[in-house]
Amino acid sequence: MQFIADFHIHSKYSRATSKEMNLESLDKWAKIKGIKVLGTGDFTHPEWLKSLKDKLEPAEPGLFKVKNTNKGTRFILTAEISCIYSKNNQVRRIHILVFAPGFEAVDKINAHLNCIGNLKSDGRPILGLDAEKLAKIILDASSDCLVVPAHIWTPWFSIFGSKSGFDSIEECFGDYSKYIYAMETGLSSDPKMNWRLSSLDNIALISNSDAHSPSKIGREANVFDVEISYLAILQAIKSKDPQKFLSTIEFFPEEGKYHYDGHRNCEIRLTPEESRKYNNICPACGKPLTVGVLNRVEELADRPDNLKPVKAIPFKSLIPLQEIIAAALGVSSVNTKKVGNEYQNLIKKFNTEFKILLEIPLKDLKSSTLPEIAEGIVRVREGKVFIEPGYDGVFGKIKIFSKGEEKTLSKQKTLL
């Protein structure tokens, strides 16, 4: 069965998350988006874990559903853990995504981690724990757990981050490197950028939303064609079988908030070449720049950017539908009534956001919505977009239409 999965989200118990990040809202929005399998996030937090145990019931092996539902979302037990520790005389900050096959494994993990740090303080707990030691704890709880370095290029909190990461998997995980089967590309990189490292050829590159509000789930995701079960998904990831792990759905990496180098306080955004010219120092204030993902990839790459590995999983780059609608309507925020109304109109007609973004023909879109929105969806499919790259925590800005073009399209429809 072909389906879409998003494994990395957060509950309302994580910092800077919406109060709507509860199971009912997540189930509702997964249906709107077209996501069949959704990570629970935050299984280390005692209150969220209690909610998961109270409100979920077993579905297919290793997966769960909201009680008294049948055709709804399937939930897979996941959590993100922040490891901050010192190794080789340097402070490391690594975020790790964890998959678990059931509550028994989760309880074992939490019992061990609770002796190390305060799991109640945040849905994504901060622990003074070496990533290699965390991997041992996770895999000791169950050999069917999966340890995945999260958003692997983010400057401040990732395995390859320019500020506190490592230069290789082995340097980070030591003897447990052989158990790292997958890595998460993050919003500021795509698989093509990661293909430049031969050391990642046998690693499955997965993509997830890291959502902090329900409407953001699925902004990155994974497409599988396997039976719906925990072990089938796990095997598809580990094997990198392109018949089972079909593709990933990505942001355009320029839209991610750490793609370019820069200094947010001075509104300075630089390409890697420009940063080197300034020795990674902000030309405005003289403080160090935040070295972004593109620069860091180039630093570690051992290949040109036009080479595709033999076992590479394909990917598609998309922009969320609400952002396309906002761009087409010429408004700066997706949180306007106009955008909301048109989004609901399209979902009502075509059932899911992914179906709209990936499948519906242009003629059907044109008969169902404004011409500029239909045109915007098709341009995104074809990669015909312009993005002002993100930097130092600032998201990139999308440009689908040239100035005044939206009005021209609307005028054409009026004339017709």
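The values are calculated or read from the model by the stated rules, or taken from the named source; none is laboratory data. None of these values were measured; they are calculated from a predicted model. Cβ sites come from the backbone with ideal geometry, for glycine too, and all protein chains shown count toward neighbours.
A few remarks follow.
- Flag if LYS311 is surrounded by fewer than 19 Cβ atoms within 10 Å (Cβ to Cβ), of a type in the set (Lys, Arg) and at pLDDT below 95: yes
- Tally, over region 389-402, of residues that are modelled with pLDDT under 95 and either among the charged types (D, E, K, R) or within 14 Å of ILE324 (Cβ to Cβ) (or both): 5
- Any chance VAL91 is of a type outside the set (S, T, N, Q), surrounded by fewer than 18 Cβ atoms within 10 Å (Cβ to Cβ), in contact (Cβ under 8 Å) with a residue 40 or more places away in the chain and in a strand (DSSP E or B): yes
- Some residue of region 309-317 being outside any helix (DSSP H, G or I), hydroxyl-bearing (Ser, Thr, Tyr) and under 30 Å from LYS238 (Cβ atoms): yes
- Test: residue in region 218-228 that is closer than 30 Å to TYR13 by Cα, of a type in the set (Gly, Ala, Ser) and in the same structural domain as LEU77 (by TED's automatic domain parsing): yes
- The combined condition, being touching a residue at least 40 places away in the same chain (Cβ under 8 Å) and over 20 Å from LEU77 (Cα atoms), is not fulfilled by GLU267.
- In region 333-368, of all residues being over 25 Å from the mean Cα position of the chain (by Cα) and not in a helix (DSSP H, G or I), the one that is farthest from LEU318 (Cα to Cα) corresponds to SER367.
- Residue check for TYR258: buried (at least 16 other Cβ atoms within 10 Å of the Cβ) and among the aromatic types (Phe, Trp, Tyr): yes
- Per the conditions (1) of a type in the set (D, E, K, R); (2) farther than 23 Å from TYR260 by Cα; (3) surrounded by 21 or more Cβ atoms within 10 Å (Cβ to Cβ), the sole criterion not satisfied by GLU184 is (2).
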